[in-house]
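*Asks:* Can you keep this structure in mind? I'll have questions shortly.
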Amino acid sequence: GKFFVLEGGEGSGKSSQIKKMREHFGGRLLITREPGGSPYAEEIRALILNSKNAKQAGAKTHFALFWAARADHMKNTIVPALARGEHVLCDRFDSSTYAYQVFAQEAGELKKFFWYMRMFYLGKNVPARYFFLDVEPQVGLARKRTQKGETLNHFDERDIAFHTRMRKGLLHFFKQVPHTIIDANPPFEVVTRSLIAQLEKHI
Ligand code: TMP
């Protein structure tokens, strides 16, 4: 199977597009997410995103927790699926660690560890391609804050400079791996069609 990743900043429509991909691809594509995607990794997700103490943690703590969750997700969900010949689409992956922890949380000293961890934890199971729903942070955040029923996590809530550094980090990461940038500014249905076309092409 082939391994793909979907990335997008806050308000890029990523979660709604994931639902559309489920409808379109059905059993042809296993859709999973990070942090989470396996029972134990989902518990780590709750610790990272919902714990009342999470905000006090720094990039070094989050970096380690995201990689720990990812190791379990790889072992129990992604690698077995690929081995069965299934294609996998993951909502966020190591690209988010690079963008959020190294860039947005301003922990440049983690950059060299990032590539080491990537080699150590992923080995040959690196994603075949990353798809990036790109939208300016100002536009994305404005969208997200007006959406009903959206709960913001402690990363979403941070200032515009944080989200600008995050996008810069993603663009920097994508220079080093196979990727496709999809403009997320057009109407939702237009973006859905581009994403489906791209995935069909690469599957
Ligand atoms: P989401 O389900 O809305 O995508 O929330 C996941 C949050 O976790 C999002 O704010 C980005 C953050 N995150 C990181 O900071 N590092 C990571 O490695 C991953 C996978 C997510």
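The values are calculated or read from the model by the stated rules, or taken from the named source; none is laboratory data. Here the structure is a predicted model, which means the values were calculated and not measured. We place every Cβ from the backbone using ideal geometry, glycine too, and count neighbours over all the protein chains shown. Protein only, heavy atoms only, side chains kept; ligands, DNA and RNA dropped before computing areas. Shrake-Rupley method; radii C 1.70, N 1.55, O 1.52, S 1.80 Å.
*Asks:* Give me a count of the residues in the range 174-203 that are free of Cβ contacts under 8 Å to residues at least 12 places away in the same chain and among the hydrophobic types (A, V, I, L, M, F, W, C). Before the answer, list the steps.
*Replies:* Quick first cut of the range 174-203, residues free of Cβ contacts under 8 Å to residues at least 12 places away in the same chain only: 175-176, 186-187, 189-190, 193, 197, 200-201.
Then drop every residue that is not among the hydrophobic types (A, V, I, L, M, F, W, C), which leaves 190, 197.
The total comes to 2.
*Asks:* Hey, among the residues in the range 68-83 that are among the hydrophobic types (A, V, I, L, M, F, W, C) and within 14 Å of the ligand (Cβ to nearest atom), which one's nearest to Arg118 (Cα to Cα)? Reasoning before the result, please.
*Replies:* To start, the set of residues in the range 68-83 that are among the hydrophobic types (A, V, I, L, M, F, W, C) comprises 68-69, 71, 74, 78-79, 81-83.
Okay, now just the ones that are also within 14 Å of the ligand (Cβ to nearest atom), so 68-69, 71, 74, 78.
On the way: Ala68: 12, Ala69: 13, Ala71: 10, Met74: 12, Ile78: 15 Å.
If we take residues in the range 68-83 being among the hydrophobic types (A, V, I, L, M, F, W, C) and within 14 Å of the ligand (Cβ to nearest atom), then Ala71 is nearest to Arg118 (Cα to Cα).
*Asks:* Is it the case that the range 153-173 has a residue that's in contact with an Asp or Glu (Cβ under 9 Å, 6 or more places away or on another chain), aliphatic (A, V, I, L, M), surrounded by 14 or more Cβ atoms within 10 Å (Cβ to Cβ) and free of Cβ contacts under 8 Å to residues at least 40 places away in the same chain?
*Replies:* Checking the range 153-173: at least one residue is in contact with an Asp or Glu (Cβ under 9 Å, 6 or more places away or on another chain), aliphatic (A, V, I, L, M), surrounded by 14 or more Cβ atoms within 10 Å (Cβ to Cβ) and free of Cβ contacts under 8 Å to residues at least 40 places away in the same chain.
*Asks:* Same structure again: Tell me whether the range 138-145 contains one or more residues that are in contact with a helix residue (DSSP H, G or I) (Cβ under 7 Å, 6 or more places away or on another chain) and modelled with pLDDT of 95 or more.
*Replies:* Within the range 138-145 (the criterion being in contact with a helix residue (DSSP H, G or I) (Cβ under 7 Å, 6 or more places away or on another chain) and modelled with pLDDT of 95 or more), the answer is no, since none of the residues qualifies.
*Asks:* So if I check each of Arg129, Arg92, Arg118, which one is among the basic types (Lys, Arg), within 12 Å of the ligand (Cβ to nearest atom) and closer than 23 Å to Ile203 by Cα? First the steps, then the outcome.
*Replies:* Working: Arg129 fails: within 12 Å of the ligand (Cβ to nearest atom); Arg118 fails: closer than 23 Å to Ile203 by Cα.
After ruling out the rest, the residue left standing is Arg92.
*Asks:* Moving on. Considering each residue of the range 98-115, count those that are part of a helix (DSSP H, G or I), open to solvent by 20 Å² or more (accessible area, probe 1.4 Å) and within 13 Å of the ligand (Cβ to nearest atom), and give that number.
*Replies:* At the first step, the residues of the range 98-115 found to be part of a helix (DSSP H, G or I) are 98-104, 108-115.
Narrowing further to those that are open to solvent by 20 Å² or more (accessible area, probe 1.4 Å): 103, 108-109, 111-113, 115.
From what is left, the residues that are within 13 Å of the ligand (Cβ to nearest atom) are 103.
Residues flagged as part of a helix (DSSP H, G or I), open to solvent by 20 Å² or more (accessible area, probe 1.4 Å) and within 13 Å of the ligand (Cβ to nearest atom) within the range 98-115 amount to 1.
*Asks:* Please find, within the range 175-199, the residue that is farthest from the ligand (Cβ to nearest atom) out of those that are under 19 Å from Gly11 (Cβ atoms), open to solvent by less than 50 Å² (accessible area, probe 1.4 Å) and part of a helix (DSSP H, G or I).
*Replies:* Within the range 175-199, the first condition is being under 19 Å from Gly11 (Cβ atoms), and the residues that meet it are 181-192, 194-195.
Then keep just the ones that are open to solvent by less than 50 Å² (accessible area, probe 1.4 Å); that gives 182, 184, 186, 191-192, 194-195.
With part of a helix (DSSP H, G or I) added as a condition, the list becomes 191-192, 194-195.
On the way: Val191: 17, Thr192: 18, Ser194: 20, Leu195: 16 Å.
Among those residues, the one meeting the criterion is Ser194.
Listed here are the residues, each with its yes/no results for (1) polar (S, T, N, Q); (2) in contact with a Pro (Cβ under 8 Å, 6 or more places away or on another chain).
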position: His154; (1), (2): no, no
position: Arg167; (1), (2): no, yes
position: Phe173; (1), (2): no, no
position: Asn185; (1), (2): yes, no
position: Thr192; (1), (2): yes, no
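*Asks:* Sticking with this structure for a sec: I'd like to verify a number: residues in the range 116-151 that are open to solvent by 30 Å² or more (accessible area, probe 1.4 Å), free of Cβ contacts under 8 Å to residues at least 60 places away in the same chain and among the aliphatic types (A, V, I, L, M), how many?
*Replies:* So the count comes out to 2.
*Asks:* Using beta carbons and a limit of 7 Å, which pairs, at least six apart or on different chains, have the first residue in the range 80-97 and in a loop (DSSP other than H, G, I, E, B) and the second one near the ligand (Cβ under 8 Å from one of its atoms)?
*Replies:* Matching pairs, first to second residue: Arg92/Arg33; Arg92/Glu34; Phe93/Glu34.
*Asks:* So, Gly58, is that one within 24 Å of Phe113 (Cα to Cα), touching a helix residue (DSSP H, G or I) at 6+ places or on another chain (Cβ under 6 Å) and either more than 13 Å from the ligand (Cβ to nearest atom) or not aromatic (Phe, Trp, Tyr) (or both) or not? Explain how you work it out, then say what you get.
*Replies:* On the way: within 24 Å of Phe113 (Cα to Cα): yes; touching a helix residue (DSSP H, G or I) at 6+ places or on another chain (Cβ under 6 Å): no; either more than 13 Å from the ligand (Cβ to nearest atom) or not aromatic (Phe, Trp, Tyr) (or both): yes.
Answer is no for this residue.
*Asks:* Look through the range 8-56, keep the residues that are touching a Leu at 6+ places or on another chain (Cβ under 6 Å) and assigned to a strand (DSSP E or B), and return whichever of them is surrounded by the most Cβ atoms within 10 Å (Cβ to Cβ).
*Replies:* Gly8
*Asks:* Additional query: Scan the range 1-27 for residues that are farther than 18 Å from Ser194 by Cα and either within 12 Å of the ligand (Cβ to nearest atom) or in contact (Cβ under 8 Å) with a residue 60 or more places away in the chain (or both) and report the count. It would help to see each step written out before you state the result.
*Replies:* Step one: list which residues in the range 1-27 are farther than 18 Å from Ser194 by Cα, which gives 1-3, 10, 27.
Add one more test, that the residue is either within 12 Å of the ligand (Cβ to nearest atom) or in contact (Cβ under 8 Å) with a residue 60 or more places away in the chain (or both), and what stays is 1-3, 10.
Result for the range 1-27: 4.
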